[in-house]
1. Would you check if there is a residue in segment 47-57 being surrounded by 10 or more Cβ atoms within 10 Å (Cβ to Cβ), out of contact with any helix residue (DSSP H, G or I) (no Cβ under 9 Å at 6 or more places or on another chain), assigned to a helix (DSSP H, G or I) and on the phi < 0 side of the Ramachandran plot?
2. What residue, of 13, 39, is surrounded by 10 or more Cβ atoms within 10 Å (Cβ to Cβ) and within 18 Å of the chain's Cα centre (by Cα)?
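We did not get these values from a lab; they are worked out from the coordinates using the rules stated. Note that the coordinates shown come from a computational prediction; the quantities given were computed from them, not determined experimentally. Every residue, glycine among them, receives a Cβ derived from its backbone with ideal geometry; neighbour counts consider all protein chains shown.
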């Protein structure tokens, strides 16, 4: 019976370690996603600024 209890304890500890690793993984991915969203918004804003600017044809010297 003691051997089974010891194995269960090991399994529980392993599960706890996996949960902590998963939480860390989720936090890292959240930071990456936030950074990507920020960069996307900046690029979209820049793109729209360029596209919305009035077109000025180049002056040709004669």
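1. yes
2. Checking each option against the conditions leaves just 39.
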